[in-house]
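The values are calculated or read from the model by the stated rules, or taken from the named source; none is laboratory data. Since the structure is predicted, the reported quantities are computational estimates derived from the model, not experimental observations. Here the Cβ positions follow ideal geometry from the backbone for every residue, glycine too, while neighbour counts run over all protein chains shown.
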Amino acid sequence: MAEWIDVCATADIEEEDVLRFAHGGAVYVAVRDDADNFYVVDGLCTHEHVELAEGFVFGCVLECPRHQGRFNLRDGRPSGGPVTEGLRSYETRVDNGRLLARLDEAT
């Protein structure tokens, strides 16, 4: 069974904000959308491996800071070029004000 990883306090991520974190040698980002939903996805753009922590959030879309490629945070699908490959997205939950993620099981 997959283990839940404590990512951060939910208060650490403001609305439409991105927080970078590393775990097990990989980089991820935790994101809060404008409806107070939390997401965890891979932290590097699939287009040119740019850090997404400097990206922008519009609703539930994460935009890469380099070429403005966009990803749907709900499932990691590309939603705007030049990206053609999606991000892995991970199951999340909030428990006592903490954001938890299952990093070994992408959704």
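I'd like to check something: does the stretch 25-47 contain any residue that is outside any loop (DSSP other than H, G, I, E, B), over 11 Å from the mean Cα position of the chain (by Cα) and either within 18 Å of GLY69 (Cα to Cα) or in contact (Cβ under 8 Å) with a residue 12 or more places away in the chain (or both)? Checking the stretch 25-47: at least one residue is outside any loop (DSSP other than H, G, I, E, B), over 11 Å from the mean Cα position of the chain (by Cα) and either within 18 Å of GLY69 (Cα to Cα) or in contact (Cβ under 8 Å) with a residue 12 or more places away in the chain (or both).
For (1) within 18 Å of GLU51 (Cβ to Cβ); (2) in contact with a Phe, Trp or Tyr (Cβ under 7 Å, 6 or more places away or on another chain); (3) not hydrophobic (A, V, I, L, M, F, W, C), each residue gets a yes or a no:
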{"position": "ASP6", "(1), (2), (3)": "no, no, yes"}
{"position": "VAL18", "(1), (2), (3)": "yes, no, no"}
{"position": "PHE21", "(1), (2), (3)": "yes, yes, no"}
{"position": "GLY24", "(1), (2), (3)": "yes, no, yes"}
{"position": "VAL29", "(1), (2), (3)": "yes, no, no"}
{"position": "ASP36", "(1), (2), (3)": "no, no, yes"}
{"position": "VAL40", "(1), (2), (3)": "yes, yes, no"}
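For the stretch 69-81, a tally of residues being more than 18 Å from TYR28 (Cβ to Cβ) and either exposed (fewer than 14 other Cβ atoms within 10 Å of the Cβ) or among the aromatic types (Phe, Trp, Tyr) (or both) returns 1.
Checking each residue in the stretch 26-44 for being over 14 Å from THR92 (Cβ atoms) and touching a Gly at 6+ places or on another chain (Cβ under 6 Å) picks out VAL27, ASP34. Looking across ALA53, ALA11, one residue alone is modelled with pLDDT of 95 or more and loosely packed, with under 15 Cβ neighbours inside 10 Å. It is ALA11.
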